[in-house]
1. Would you mind telling me which residue in B:Ser89, B:Ser53, B:Ser138 has the biggest mean-square fluctuation in a Gaussian network model of chain B, where springs connect alpha carbons within a distance under 10 angstrom?
2. Once Rh is set to the Kirkwood radius over Cα pairs, what Stokes-Einstein translational diffusion coefficient, in µm²/s, holds for the stretch A:186-324 at a temperature of 10 °C and a viscosity of 1.306 mPa s?
3. Over all alpha-carbon pairs of chain C, lay out the pair-distance distribution in 20 Å bins, whole %, shortest bin first.
4. Restricting to chain A, what percent of DSSP beta bridges are antiparallel, rounded to 5?
5. Of the trypsin sites (Lys or Arg not before Pro) in the stretch B:237-273, which ones lie in a loop per DSSP and count no more than 15 other C-beta atoms within 10 Å?
6. For the stretch C:278-369, treating each Cα as an identical point scatterer without solvent, what Debye log10 I(q)/I(0) comes out at q = 0.17 1/Å?
7. Show me the GluC sites (Glu not before Pro) within the stretch A:152-212 that DSSP assigns to loop and that have at most 16 other Cβ atoms within 10 Å of their Cβ.
8. Please identify the helices of chain B, taking whole runs of DSSP H, that span at least 18 Å along their own axis as judged from the Cα atoms and have a mean Kyte-Doolittle score of 0.5 or higher.
Amino acid sequence: MRKITYKEALREALREEMRRDPTVFLLGEDIGRYWGGAFKVTKGLVEEFGDERVRDTPISESAIIGAAVGAAITGTRPVAEIMFGDLTALAMDQIANQAAKIHYMFGGQVKVPLVIRTPFGAGVNIAAHHSQSLEAWFMHVPGLYVAVPSTPYDAKGLLKTAIRGSNPVFFCEHKLLYPMEGAVPEDEYTVPFGVADVKRKGSDVTIVATLYMVHEALSVAKGLEAEGISVEVVDPRTLAPLDKHTIISSVKKTGRLVVVSEDCKTAGVSAEIAATVAEEAIDYLDAPIKRVAEPDTPIPFSPPLEQYVIPNEKSIIKAVREIA
Amino acid sequence: MYKKMFEIRRFEEKVFELYAQNLVPGTIHLYAGEEAIAVGVCSNLRKDDYITSTHRGHGHCIAKGAELKRIMAEILGKKTGYCKGKGGSMHIADFNVGMLGATAVVGAGLPIAVGAGLSIKLRGTDNVVACFFGDGASNQGTFHEAINMAAIWKLPVIFVCENNVYAMGTRQSTVMLVENIADRAIAYGIPGVAVDGNNVLTVYEAAQKAVERARTGQGPTLIECKTYRHKGHSRIDPAKYRPKEEVEEWLRKDPIKRFKEKLLQPNTLLETEIRQIEKEVLTKIEEAVKFAIESPHPFAEEALEDVYA
Amino acid sequence: MVTKVVMPRLSLTMKEGTVGTWYKKEGDIVEKGEPLVEVFSEKATYDLEAPASGVLRKILVQENDEASVDAILAVITAPDEAFQEAEISVEMPKATEETKKRVLASPAAKRLAREHEIDLSLVKGSGREGRIVEEDVRRFIDEARGILPKVKEVIPLSGYRKTSAERVSTSFRTAPHSTVVMEVDVSKVMALHYKTEVSYTAILMKAVAESLAEYSVINSTLEGNAIRIFEDVNVGVAVATEDGLVVPVIHNADKKALEEIDAAIRELTEKAKQGKLTREDLTGGTFTITNLGMYGVEFFIAIINPPEAAILAVGGVVEKPVVVHGNIEIKPMMMLSLSYDHRIVDGAPAAEFLQKVKEKIEKSLEIEG
């Protein structure tokens, strides 16, 4: 199968969906003619679809999402880009109070087919305002779906599902994943929401990981295989809906769980998954659940400081060894 | 227009009454006193045009053509309400008449109206959006972001500021130095007009121009309608912060009273005709109240429905 | 001096105990070291001795009452010493409901135990801090059912045992084994043995070493896609030790005299039993002899000692009726089996080699020469 990057996979999804459905359009800061997106995801799309459908906006995050909401409830399918995940804080009312609640609050009268794409993740030395991983904020909002693709295949398939859906989707990307290559079929496909992917089969320990951490977990699994520790790596792919079934089935098999997530540990993604397993499958746990996440600090700038806080293979291996 | 205004006034009075009987859960923000604005603006709109509304939104719903009985049922938390009891007084929408919903977050409706305008533009129809908001909302960042965005993209949005002098208990003059919110339009390069919001004909005319501009692709307009709420901010607010003289002066400028006087001038309507209109309205409201009271509450488990489409 | 008599900790896990009979009453004179009171823990009964001489001044915990470890049970003072109870911080013993030892077990282990109605306190834990994990319960169930044999003791693989375990499994997995068998007449070997007092093993080794020198294809190894034939004939002999099997090597056995071989074998066997073999003693073998004759084994087939090409398994000497020129004679016979790596050696050369060994053994006296 051909290999393309995560970024190209996202672009393909956007292009294909825009060709398929004329009501799909993009808006965001510098996504269009002059820049093609801060991470170039939308590069080249304006040439095919024009400025109207690949719309550069003022630096007005709240209005970008608000406009996307208004457009979504009146017959179009907007895909809004927030340049950095951290900046979603500026648009939080429109995301959490408007986009997420309109369907419910108005008694199901209207659908909100809206996608908000944004990159999370640290590792490129851009410090506290451009490096956070805030997936958990959005998991906490009923009415939002939260996608966390870790591979080009998942990125394309999930984005297409997001665009075609009837609900607001918070689509988390990761800066370090954009250049990563992976197999993506030429043929049409989508990846359903709420279906985790077992990225590697194993029998001794389950690692649930998301986004970039999936790759760290896979390297760890490979390394530990030589020692006779068989690690299963489960990638939820969407945090809302969360495929509890696959996670719990894996834990039932292995009896051991390590949850790896790049966000802060307290009340984070890992907390939710750990709690779910503790609540619904504690009788199958043969060891304490381990969480590998960022310490509760903002992301620091200086490379040694930054590397210290990001979970990595070493910290994952340590957690696995503690229970395996 | 008189009928609609009267309908709103009597409806709000009825809601107030029901609230006193503990039939209305939560709180209410009455539109009484501001009827000329909703009616003056919406009378320029087609059914397939859109509006966005606020926590003080009953009047907008009625003016845009939503059904009284379903509004009332929603206010009473009934299953037959517009939102199946999930929205309540502050969150009513009727997408069948282009009422895109009331948001109870001050200023949150402006970007949504911009989005509706953008959608109209992208889909290539000639609809327009009227966006209602208060003087308080004009100090939100969204006001700036949304109007600017609508301006640069020449979107068919009419921003209607209902300046009722107070944002909750805070007097407008203490939180902004410009006298007319309409003046802020200059900053975004669009027309801004301040009108007497208690004169339905003035509002109508201003809105007519703005709608015309919007429909013909000339972009948005900011209309500031100076008005006054007859009651406090919400049901629990006795509005002691307002000087008695000020309240009395505004009550004298009651939009319904003024419009009625105008209508009774020679060559317009006869008093009997007005009575007839009023009688019809009262019957309709009684029917709405009966419907709402007799309607069942939703089943508790329905709380879990409609989170996702 | 006021001396406190406290509830002793009778085991590592003991949290509280029960007071039994007081052998002394309040006011009695006690001698240091004499039994003072009986105490019980879950596991033991114990006579607590007086920690000091003096008068048993006050008993604080009565018979059949429980007290936590370190609780003061009584006070001993000098005969005329003034004593007020307030002087000691009396931690009154608390009898608690929870006297049962808390069993540390993982939730999965607990679930499995619940499902099979197993008392977890009977299960031995193998997890962290002795925690019982699911596998422990599973094993316990299987043992209880008799599916799995009950484990008496667990000996971790180490030393020779570990090495030999790895080597035999490697050999068995990688080298396709085939075996040729011959019975040999050892009358002359016996004669030689009695005459020279050289061990049978030494004589066998001499015969084998000389045969290897002639049939060098057996004295070889497979490395990648090539068979490497050795010039040196280094014959190992398998020795059983308490720690497992070892194979010390007699280097250049084909060039050594019988007595030299015999002396070398004796030395290496002794070193092996004492665990004193050096790296040199254990390295460089090109062929191995293994002998179970002394255990009454008549015949067996051995696993090749990798990376060698073959191994000779030697059975015990048995007197058998043998037909010689039409007459039945009674002769001491021995079974030899040669296991060989079929990748290196085929049946015919293996048989020829064994034939040569047989021939040399049956003419043992020539060996001596």
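Computed from the coordinates by the stated procedures, all read-outs in this text should not be read as laboratory data. This structure is a prediction, so every number in the text was calculated from the model and none was measured. So basically every Cβ, Gly included, is an ideal-geometry build from the backbone, and we count neighbours across all protein chains shown.
1. B:Ser138
2. Details: Rh = 15.1 Å.
So the translational diffusion coefficient is about 105 µm²/s.
3. Per 20 Å bin, starting at 0, the Cα pair percentages come out as 22, 28, 20, 20, 10, 0.
4. In chain A, DSSP labels about 20 percent of beta bridges as antiparallel.
5. Those satisfying the criteria are B:Lys240.
6. Normalising to I(0) and taking log10 leaves -0.91.
7. Sites meeting the loop and neighbour criteria: A:Glu186, A:Glu188.
8. Those that clear 18 Å and a mean of 0.5 are B:109-123.
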